[in-house]
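Worksheet: one structure, shown below.
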Amino acid sequence: MTVAVVTGAGSGLGRVIARAMLDDGYQVALAGRRASALAETAGESGALVVPADVADPDSVTALFDQVTAAWGRVDVLVNNAGVFGPAGLPDEIPVDAWQSCVDTNLTGAFLCARAAFGVMRRQDPRGGRIINNGSISAHSPRPGSIAYTATKHAMTGLTKSLSLDGRPFGIACGQIDIGNAATDLTAGIATGARQADGSVRPEPTFDASHVADAVRYMAGLPLEANVQFLSVTATTMPFIGRG
């Protein structure tokens, strides 16, 4: 039995990833804020539905308590939950909107990784894998995205530290950086996205199932091997040479 926790599993990439892992035979815990959306992801699969707010330490603790109560271990955490956050020039961003983005994207990822790490290093057999959703914005910003971009750059540091600190315990950590996967949340990109020169132009997208395939590959490796960083994008999106 291999146990996976997928955050942000109620929609978008989280839903696609979770369903792919269920198809592969994982026992999957679906975490997200909306119970009804998680239930829709689960369908008749038998997945464990756990409404949770990743920005709330007590909620995260309860999530992992439910997973270990059900299955006794955690083998894979897919740290996928995130928000785009406020858009605008730096002096136009309300501090509370900045903080909310940081709380979900960065602190939430840390809290889930912290909980998973604690289970993984104490379980028998010991070890596990954490896969962080970094985004192309972990490398290069879009205009007016300072909060989102800062959290995704920070995710790279989180990934590196988890990878280093996990070595003695058989815990691997890698990051997948995704650009323009087609979901309901990114539908606007296909019709028009603001570019570095101020223009608004449609950008190409690609099927989100390819993201799930990449996560399945990362998750399926033996613990002596790790994909540290992987980027998957629409081939002709303006990322290489952005700006």
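The values are calculated or read from the model by the stated rules, or taken from the named source; none is laboratory data. It should be emphasised that the depicted structure is a prediction, and the values quoted were computed from it without experimental measurement. Neighbour counts run over all protein chains shown; Cβ positions are idealised from the backbone, glycine included.
The table below gives the values:
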quantity	calculated
Single match in A212, A225, A193 (criterion: modelled with pLDDT of 95 or more, of a type in the set (A, V, I, L, M) and over 15 Å from the mean Cα position of the chain (by Cα))	A225
Candidate set from the range 37-56 (those that are of a type in the set (G, A, S) and surrounded by fewer than 18 Cβ atoms within 10 Å (Cβ to Cβ)); member that is nearest to the chain's Cα centre (by Cα)	A39
Answer residue from the range 132-161, given it is within 15 Å of the chain's Cα centre (by Cα), among the hydrophobic types (A, V, I, L, M, F, W, C) and surrounded by 23 or more Cβ atoms within 10 Å (Cβ to Cβ) and is nearest to D96 (Cα to Cα) among those	M155
Residue among R122, R129, R114 that is surrounded by 21 or more Cβ atoms within 10 Å (Cβ to Cβ) and not aliphatic (A, V, I, L, M)	R129
Odd one out for T61, checked against (1) in contact (Cβ under 8 Å) with a residue 40 or more places away in the chain; (2) surrounded by 20 or more Cβ atoms within 10 Å (Cβ to Cβ)	(2)
Looking only at the range 129-148, and only at residues there that are in contact with a Phe, Trp or Tyr (Cβ under 8 Å, 6 or more places away or on another chain) and in a strand (DSSP E or B), the one that is modelled with the highest pLDDT	I130
Residue, surrounded by the fewest Cβ atoms within 10 Å (Cβ to Cβ), within the range 162-172, restricted to residues that are touching a Lys or Arg at 6+ places or on another chain (Cβ under 9 Å) and under 23 Å from A214 (Cβ atoms)	G170
Selected residue [in contact with a Gly (Cβ under 6 Å, 6 or more places away or on another chain) and under 24 Å from L223 (Cα atoms)] from G14, G25, G32, G88	G14
Filtered residues of the range 166-191 (kept if of a type in the set (D, E, K, R) and either touching a residue at least 40 places away in the same chain (Cβ under 8 Å) or not in a helix (DSSP H, G or I) (or both))	D177, D184
Residues of the range 83-104 satisfying the condition of being at positive phi and either crowded, with 17+ Cβ neighbours inside 10 Å or part of a loop (DSSP other than H, G, I, E, B) (or both)	G85
Output for the range 61-82, where each listed residue is in a loop (DSSP other than H, G, I, E, B), small (G, A, S) and more than 18 Å from P125 (Cβ to Cβ)	A81, G82
Single unsatisfied condition, L162 versus (1) of a type outside the set (V, I, T); (2) closer than 28 Å to R73 by Cβ; (3) not in a helix (DSSP H, G or I)	(3)
Test: residue in the range 27-40 that is basic (K, R), at pLDDT 95 or above and under 21 Å from D65 (Cβ atoms)	yes
Residue list for the range 184-235, filter: surrounded by 13 or more Cβ atoms within 10 Å (Cβ to Cβ), small (G, A, S) and closer than 22 Å to A4 by Cα	A208, S209, A212, A214, A219, G220, S231
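Yes or no, residue by residue, for (1) touching a helix residue (DSSP H, G or I) at 6+ places or on another chain (Cβ under 8 Å); (2) closer than 23 Å to G134 by Cα; (3) among the charged types (D, E, K, R):
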| position | (1), (2), (3) |
| --- | --- |
| A4 | yes, yes, no |
| G8 | yes, yes, no |
| L13 | yes, yes, no |
| G25 | no, no, no |
| R33 | no, yes, yes |
| L38 | no, yes, no |
| T41 | yes, yes, no |
| V49 | yes, no, no |
